[in-house]
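For reference, the structure is listed below as structure tokens.
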Amino acid sequence: MKNVRKIGLISIFSIIVFSSLLLPMAQGQEWVYDGANTPRIKHYSVYPSEWYGLNTSGWGTPLDELRIMHITHGNTSTIGDTTRVEVWGRNLYKNITTGAIRVQSSSFGWGSWNEEVGTTSFGFMLPFIDGAVPEMALYNVSDHMEEYLSSAHEVEYEHKGVYPSIQSIAYWNHSNGAYLNMNWTAGVLYKWTCSGNPWGNVTLYSRPAQLPPEFSFTAETGLLDLVSTNVKFNITILDADNNNDGETDTDYLYRIGNGIDWTDWAVPSIQVDYDLSGLAEGSLNITIEVKNMYGAAQESLIFTYTPPEDDVIPSYSTLLILVALIFSVSIITHKSIKKLRKILSQNYVCFFHFHAYN
């Protein structure tokens, strides 16, 4: 029985690994980790850097270890005229007691998908498009597994069912009660339960939260009155591990809006500076937006803004200042011309009397 179990395990893992090795070396587009700007891998529900934990009892995993799918990147690659989107990562094992991590494989193919061909082998990751696993993917895996099960001659199932609405596949026998059920929740292998075959069960015990950040902010003074053009805001981001890698998230970007424009995205610190120069006195709605790779969250506060006295003159309308300036120049010019005319008139009279005398 132990030998049968080992053969079964080696066979199914060989299929998975062999399918990965058949992937071409020529690669096109890539999806890699890029902090808060990290993209989701096309066609899949997963992001680079994420960790998915599996309890794979009976799959050759030691009893004191859990299996981890670490997603490192995705890419497109081509075989002939067929372009596939591949999901790659590391195959890790975590000790339940000590938390120590060991690497079983540093480059493992977790999934492969082409919209026309589908997926040609069992995959821990299936595509998740428009909120569902495509029917083609489930039928592909079903046919593939049925062929494997019949060739292995370990368990022959009388019936097969594909259930796209619940992202599942099932095989069963009425005669002896043997069954094999597989489910991919959001395109990630969630459960593999069986009876009457040597593989054991699989359960997804942890997955990334995939949530945008939670945060709050206040003015440095803690008040809602702003009396300086240069203000400071304190940003408090709630500690989280949204990608499930066992570490607190640190990669965020932020920007500040005033109802008119936004600052550029920047890396936040506990306290950030903001310039209110040019903004009108009165009620001021300040919005801060913080994002991670899963999305952005906004918080807004309404402040009362009173510019300092040095800013009173700049706060007047430029048009009024321009009109006053033109009016002043006009008066000065008018007086200067009038005075010049008087001087020229006097000189003319003197000149006339001088010539008349001579």
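The values are calculated or read from the model by the stated rules, or taken from the named source; none is laboratory data. This is a predicted model, so every value here is computed, not measured. Using ideal geometry, Cβ is built from the backbone for each residue, glycine included, and neighbour counts are taken over all protein chains shown.
Listing for the model above:
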{"read-out": "Any hit, the range 213-222, residues being touching a Pro at 6+ places or on another chain (Cβ under 6 Å) and modelled with pLDDT of 95 or more", "value": "no"}
{"read-out": "Residue that is surrounded by the fewest Cβ atoms within 10 Å (Cβ to Cβ), among those in the range 144-158 that are charged (D, E, K, R) and in contact with a strand residue (DSSP E or B) (Cβ under 8 Å, 6 or more places away or on another chain)", "value": "Glu158"}
{"read-out": "Count of the range 60-119 residues which are at pLDDT below 90, under 24 Å from Trp199 (Cβ atoms) and of a type in the set (Val, Ile, Thr)", "value": "2"}
{"read-out": "Criterion violated by Val85 - all others in (1) surrounded by fewer than 21 Cβ atoms within 10 Å (Cβ to Cβ); (2) in contact with a Phe, Trp or Tyr (Cβ under 9 Å, 6 or more places away or on another chain) satisfied", "value": "(1)"}
{"read-out": "Scan of the range 159-195 for residues that are touching a Phe, Trp or Tyr at 6+ places or on another chain (Cβ under 7 Å) and loosely packed, with under 12 Cβ neighbours inside 10 Å, ordered by number", "value": "His159"}
